[in-house]
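The values are calculated or read from the model by the stated rules, or taken from the named source; none is laboratory data. Since the model is a prediction, treat every value here as computed from it, not as a measurement. Quick reminder, even Gly has a Cβ in these numbers, built from the backbone with ideal geometry, and neighbours come from all protein chains shown.
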């Protein structure tokens, strides 16, 4: 299956003169799953990567859009608590983007270049995306 996420608008200014403009990702990839009362927004930019979307605090399902250098790779759905990973093989980047929900209800983004398999590697990037609302507990617990 092949997908193209670069959407452009072409306009002719005069005979033989054109303008090409890339449409913003928000205009192309719109979904109702990105908003709602039980969803926490996610957004960060790390180098050439922009990751945005949301995570549902009830189902723990996340919806994220991944951009590399302004090129939207599409919307991805998954559960960060059980492994949510996008493997990328492009000329500009080979590796993976992973969204993880840890035991402390923190959502993390891992960007790992190809060949870096260890979660504790110094290469790549780990970025905090959000904290999920948690139940208040007594201070003595």
Suppose we keep only residues that are within 13 Å of residue 71 (Cα to Cα) and at pLDDT below 80 within the range 28-49. Which one would you say is farthest from the chain's Cα centre (by Cα)? 28
In the range 67-98, residues that are touching a helix residue (DSSP H, G or I) at 6+ places or on another chain (Cβ under 8 Å) and closer than 19 Å to residue 47 by Cβ total 2
Among the candidates 97, 86, which residue alone is modelled with pLDDT of 90 or more, surrounded by 19 or more Cβ atoms within 10 Å (Cβ to Cβ) and in contact with a strand residue (DSSP E or B) (Cβ under 6 Å, 6 or more places away or on another chain)? 97
What pairs come up if the first residue lies in the range 123-139 and is at negative phi and surrounded by 14 or more Cβ atoms within 10 Å (Cβ to Cβ), the second is in a loop (DSSP other than H, G, I, E, B) and at pLDDT 70 or above, and their beta carbons are under 7 Å apart, counting only those six or more places apart or on different chains? 132/57; 132/105
Taking the range 40-92, which residues are more than 21 Å from residue 131 (Cβ to Cβ) and without any contact (Cβ under 8 Å) to a residue 40 or more places away in the chain? 66, 68, 69, 76, 85, 86, 87, 88, 89, 90, 91
Exception for residue 104 within (1) farther than 15 Å from residue 130 by Cβ; (2) modelled with pLDDT under 85 falls at (1)
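When the range 100-117 is examined, which residues are found to be more than 10 Å from the chain's Cα centre (by Cα) and surrounded by 17 or more Cβ atoms within 10 Å (Cβ to Cβ)?
Matches in the range 100-117: 100, 101, 107, 110, 111, 112.
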